[in-house]
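**Q** The structure follows.
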Amino acid sequence: MDGYTIGDLARRTGLTVKTVRFYSDKGIVPPSGRSHAGYRLYDLDALARLDLVRTLRELGLDLATIRKVVDRELSLPEVAAAHAEALEVQMRALRLRRAVLRAVARRGSTPEETDIMHKLARLSADERRRLIDDFLDATLTGVHAGVRRSLTPELPDDPEVEQVEAWVELAELTRDAGFRAAVRLLAEHHEAGASVPRPDPVAIIRSQVRQAMAAGVDPASPEAKALAETGNPLMEAAGDPRWIRYLHLLAIVNGWPPPEDPAPLHEWYSKASGKGS
């Protein structure tokens, strides 16, 4: 009987004789017959199957799946789609790990800091969402959904080093009980259940302070004192360095333009309220 021997298949495909024999023994590339001497022989279909098996193995498919594909028990497009998705998940994890390592190298982190950074950064998207949701649920109850979305960090699949660093710092910040209390105080000044976001009272006061500063109003003047009395303790909470830092980190993680630094406004306001130097 004419046909290809295992050696022929090995030469035509570039695989080793051992590999071809292995696939044959597993039934993935079965022989079509035997020679007079008892050697296994293979036809053109076996050669085509072997080429396909090699390609699928190079793509990372396991032998059980490959066997189902070549036996037409599974659709190759379906297998390819599922495998592509699995590879995408692996690639996202590798990109994130790369960003963490670059962040560690740049920061000169201690082993303890590196461990924390790795644990926080390698959280899945769902785990990161749950961590942030826990913080937002505890601090923004009743606040309009649009406001909540604007305060939600979304670490991209392929983050820059700066985004990983910002995410780790932000995640640690959300567990600070004092910071949570400050955010809760700010949230209480938003009307619960409002159909649309209402004007931010802090933004209104800051606008007034900005106008006063532009007009050259002395923070020690009666006019400044009257303005300061309208916002306590709201402005104090909004001026919390941790809140300002959260908004800065949020912008980095989400790839937004950096927010305005409100420190000068709060410094003026603090002096007007008699709490500044």
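**Q** Could you grab me the full set of residues in the stretch 225-246 that are open to solvent by 40 Å² or more (accessible area, probe 1.4 Å) and not hydrophobic (A, V, I, L, M, F, W, C)?
**A** If the condition is that a residue be open to solvent by 40 Å² or more (accessible area, probe 1.4 Å) and not hydrophobic (A, V, I, L, M, F, W, C), then K225, E229, T230, N232, P233, E236, P241, R242, R245 are the ones that fit.
**Q** Still on this structure, please answer the following. Quick check on this structure: which one of L15, L44 is open to solvent by 90 Å² or more (accessible area, probe 1.4 Å), of a type in the set (A, V, I, L, M, F, W, C) and over 23 Å from H83 (Cα atoms)?
**A** L44
**Q** Tell me the residue from R72, R49, R57, R95 that is farther than 30 Å from A177 by Cβ and touching a residue at least 40 places away in the same chain (Cβ under 8 Å), please.
**A** R95
**Q** Let me ask something additional. Output the residues belonging to the stretch 163-218 that are at pLDDT 90 or above, β-branched (V, I, T) and open to solvent by 20 Å² or more (accessible area, probe 1.4 Å).
**A** V217
**Q** So E169 ticks every box in (1) acidic (D, E); (2) in contact with a Leu (Cβ under 9 Å, 6 or more places away or on another chain); (3) part of a loop (DSSP other than H, G, I, E, B) but one. Which box is left unticked?
**A** Against the list (1) acidic (D, E); (2) in contact with a Leu (Cβ under 9 Å, 6 or more places away or on another chain); (3) part of a loop (DSSP other than H, G, I, E, B), E169 comes up short only on (3).
**Q** Out of all the residues in the stretch 244-277, which are touching a His at 6+ places or on another chain (Cβ under 9 Å) and either at pLDDT 95 or above or in a helix (DSSP H, G or I) (or both)?
**A** I244
**Q** Another one. Please verify whether R128 is within 17 Å of Q163 (Cα to Cα) and either in contact with a helix residue (DSSP H, G or I) (Cβ under 7 Å, 6 or more places away or on another chain) or open to solvent by 50 Å² or more (accessible area, probe 1.4 Å) (or both), treating the condition exactly as stated.
**A** Numbers: within 17 Å of Q163 (Cα to Cα): yes; either in contact with a helix residue (DSSP H, G or I) (Cβ under 7 Å, 6 or more places away or on another chain) or open to solvent by 50 Å² or more (accessible area, probe 1.4 Å) (or both): no.
Considered against the rule, which asks whether it is within 17 Å of Q163 (Cα to Cα) and either in contact with a helix residue (DSSP H, G or I) (Cβ under 7 Å, 6 or more places away or on another chain) or open to solvent by 50 Å² or more (accessible area, probe 1.4 Å) (or both), R128 comes out as no.
**Q** Go through L87, L61 for me and flag whichever is closer than 30 Å to E165 by Cα and not basic (K, R).
**A** Step by step, each of L87, L61 is checked, and only L87 is closer than 30 Å to E165 by Cα and not basic (K, R).
The values are calculated or read from the model by the stated rules, or taken from the named source; none is laboratory data. None of the values given here were measured: they were computed from a predicted structure. Using ideal geometry, Cβ is built from the backbone for each residue, glycine included, and neighbour counts are taken over all protein chains shown. Remember, those area values only see protein heavy atoms, side chains included, never the ligands or the DNA or RNA. Shrake-Rupley method; radii C 1.70, N 1.55, O 1.52, S 1.80 Å.
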